[in-house]
1. Only one of (1) within 19 Å of Glu134 (Cα to Cα); (2) part of a loop (DSSP other than H, G, I, E, B); (3) modelled with pLDDT of 90 or more is not met by Pro26, so which one is it?
2. Would you check if there is a residue in segment 89-109 being surrounded by 15 or more Cβ atoms within 10 Å (Cβ to Cβ), away from the ligand (no atom under 11 Å from the Cβ) and modelled with pLDDT of 65 or more?
3. May I ask you to list the residues in segment 67-90 that are without any contact (Cβ under 8 Å) to a residue 40 or more places away in the chain and among the acidic types (Asp, Glu)?
Amino acid sequence: MNRNLRRRCETIVRTLDQRIGGIPVPFDLNAFLDQLEAERDRPIELVPFSATAPGQLCGIWVSTDRLEVIYHKVATSLLHQDHIILHEIGHMVCDHTGAALSNADQVRSLLLTDAVRGQVDTVLGRGAYTTVEEQEAELVATLILERAARPAPAAPVVAPARPEVTATQRRIETIWGRRPTRPWS
Ligand SMILES: [Zn+2]
């Protein structure tokens with residue numbers, strides 16, 4: 001894979017991570033979408049569809065003037081489903097403008113909700129994504145999940161007790177023996 005493409009996608013995901021206040025670790029799709037909605041100030045609606053969809057279609061992103069809609073195939077595993085949705089998010093955050101639809105009429109009748117039916121013709125009429133755009137969306141999805149697989153942030157370092165407190169404590173222990181732990185502490 002093209003090294004520039006990878007660098008570009010890494011920058012996009014790093015920037016996204018900062019702008020939304022951190023990709024959830026471990027990954028939580030709903031939390032991630034909430035953050036993304038807040039950052040973009042636009043609702044994102046997920047509309048699942050079953051295996052009756054045509055061809056190999058896994059997901060479609062439709063952008064309307066009011067909201068973003070992601071139609072996604074109900075996948076066998078949740079991880080695969082997240083990946084399908086994140087691929088469409090990849091197109092969104094990369095500002096891709098095409099929609100790769102081979103059978104627009106079938107897709108329209110199967111998938112579209114009333115909320116977007118009236119506006120979707122122009123969306124479906126756009127050109128297909130380029131191969132590079134598909135690679136970008138796929139890589140962005142992968143990088144988002146990779147970032148979410150990072151080890152959880154280390155527990156905050158506990159500030160050392162103030163030295164004079166420690167010294168006093170030690171003194172008390174020396175005089176009285178180790179104090180029993182209070183049952184309510
Ligand atoms: Zn795609």
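The values are calculated or read from the model by the stated rules, or taken from the named source; none is laboratory data. Not measured: the values here are computed from a predicted model. Don't worry about glycine lacking a Cβ; one is built from the backbone with ideal geometry, like all the others, and counts go over all protein chains shown.
1. Of the numbered conditions (1) within 19 Å of Glu134 (Cα to Cα); (2) part of a loop (DSSP other than H, G, I, E, B); (3) modelled with pLDDT of 90 or more, the odd one out for Pro26 is (1).
2. Within segment 89-109, one or more residues are surrounded by 15 or more Cβ atoms within 10 Å (Cβ to Cβ), away from the ligand (no atom under 11 Å from the Cβ) and modelled with pLDDT of 65 or more.
3. Answer for segment 67-90, where residues must be without any contact (Cβ under 8 Å) to a residue 40 or more places away in the chain and among the acidic types (Asp, Glu): just Glu68.
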